Amino acid sequence: MITVRPLLPDDAAAFKALRLQGLQEIPSAFGSSYEEECDTPVEELARRFAPQAGRARFGAFDGAQLIGIAGIGQEEKRKLAHRVNLWGMYVAPSHRGRGIAQQLMQAAITAASTLPGARQLHLSVNTRNTSAVHLYLRTGFQAYGQDHGALLIDGELHDEYLMRLDLAAATQAAATNTTQPATATYSVLPDGYSLLHATPAIATYLHLRQASGLSPKTEAAARRGLPHTRFAVQIMHDGKPVGMGRVIGDGGCFYQVTDICLLPAHRGHGLAKHIMQAIMDYLHHYAPDGAYVSLIADGEANKLYSQFGFQMTAPKSVGMAMVIRKST
């Protein structure tokens, strides 16, 4: 049976062994390195495991064996104390695919939510680590930026997504059980592509819409509308946005999927499915039970959307629309 609990000083040796295993297996997933930590005395780690305000380390155990770890730390300065950082997430390869990382995440979120003044849980994740990105998205994190060249490993630069979880929203979601179904499946993006869970810049938004064949929008309209985005995802290719999708709505009763587009040169790789999967992850996690999600399907796009559960509303209802035109 898998159990998750705070780590104690007696767990220091097992923690060190598993931590070093992670640093060797996936060096691009950590800011620290094996060489920097291999000589840390177990006694020093044991001292760090003593109870500390705003600090906690968690372990997942299969019986007595430590098979997963994660830590949290609250910022100490008064103006930053609303931020808690998640670090060191790692699950042994032999135990992956069993929901253990999700259990560690929930333990970290629960603990962070109880810290005085804590409002946000922050993390950074390598943009190439798609399984971790999907985990954090399913848990409710959203990306608010990308740190280009965050890590330099063996002469190669690695980018990281900066992600943030609203602790109050996460607590409410847990209370109402609005979680992603365990049966969800994910595929790996083609080489050279990555997902950025962030609202596009105005210029990017306008370019992607027009270049992909959607109706153009004015800069004034985009400047007013984009800040009200509920969720957005971009497809990145070699660091440049080539596709996107957004969710808008009132955040409770009604949501609308919009702006699904890809530049012509990047079609035919299944990228639209990745956009929709990211959007569905968000909706399954945040939208309350009974929320109505709608979209307008252009051309044969309904074939894509039907794969994610969308159905034609006709003849029960008929979609209607209008465009506001103001005389100048």
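Of note:
- Identity of the residue in segment 73-101, of a type in the set (Lys, Arg), more than 18 Å from the chain's Cα centre (by Cα) and not in a loop (DSSP other than H, G, I, E, B), that ends up modelled with the highest pLDDT: Lys79
- For segment 302-316, the criterion of a residue being β-branched (Val, Ile, Thr), surrounded by fewer than 12 Cβ atoms within 10 Å (Cβ to Cβ) and in contact with a strand residue (DSSP E or B) (Cβ under 9 Å, 6 or more places away or on another chain) is satisfied by at least one position.
- Residue match in segment 63-72 (condition: part of a loop (DSSP other than H, G, I, E, B), in the same structural domain as Leu121 (by TED's automatic domain parsing), of a type outside the set (Ser, Thr, Tyr) and over 24 Å from the mean Cα position of the chain (by Cα)): yes
- Near pairs, Cβ below 7 angstrom, 6+ apart or cross-chain, from segment 245-267 (under 16 Å from Leu283 (Cα atoms)) to any residue that is of a type in the set (Asp, Glu) and surrounded by 14 or more Cβ atoms within 10 Å (Cβ to Cβ): Gly245/Asp259; Arg246/Asp259
- Candidate set: segment 152-170, residues that are without any contact (Cβ under 8 Å) to a residue 40 or more places away in the chain and part of a strand (DSSP E or B); chosen: the one nearest to Tyr136 (Cα to Cα): Tyr161
- Among the residues of segment 10-40, the ones that are in a loop (DSSP other than H, G, I, E, B) and in contact with a helix residue (DSSP H, G or I) (Cβ under 9 Å, 6 or more places away or on another chain) come to 5 in all.
- When segment 293-316 is limited to residues that are within 29 Å of Ala221 (Cα to Cα) and of a type in the set (Gly, Ala, Ser), the one that is nearest to the chain's Cα centre (by Cα) turns out to be Ser294.
- Residue that is farther than 30 Å from Asp191 by Cβ and surrounded by 15 or more Cβ atoms within 10 Å (Cβ to Cβ), where the choices are Leu165, Leu123, Leu115: Leu115
- A single entry from Arg128, Arg96 fulfils the requirement of being closer than 26 Å to Pro190 by Cβ, in contact with a helix residue (DSSP H, G or I) (Cβ under 9 Å, 6 or more places away or on another chain) and free of Cβ contacts under 8 Å to residues at least 24 places away in the same chain: Arg96.
- Filtered residue count, segment 254-276, keeping only those that are over 21 Å from Leu226 (Cα atoms) and outside any helix (DSSP H, G or I): 4
- Test set (1) assigned to a loop (DSSP other than H, G, I, E, B); (2) more than 24 Å from Ala203 (Cβ to Cβ) - His285 fails condition number: (1)
The values are calculated or read from the model by the stated rules, or taken from the named source; none is laboratory data. It should be emphasised that the depicted structure is a prediction, and the values quoted were computed from it without experimental measurement. Cβ atoms come from the backbone with ideal geometry, glycine included; neighbour counts cover every protein chain shown.
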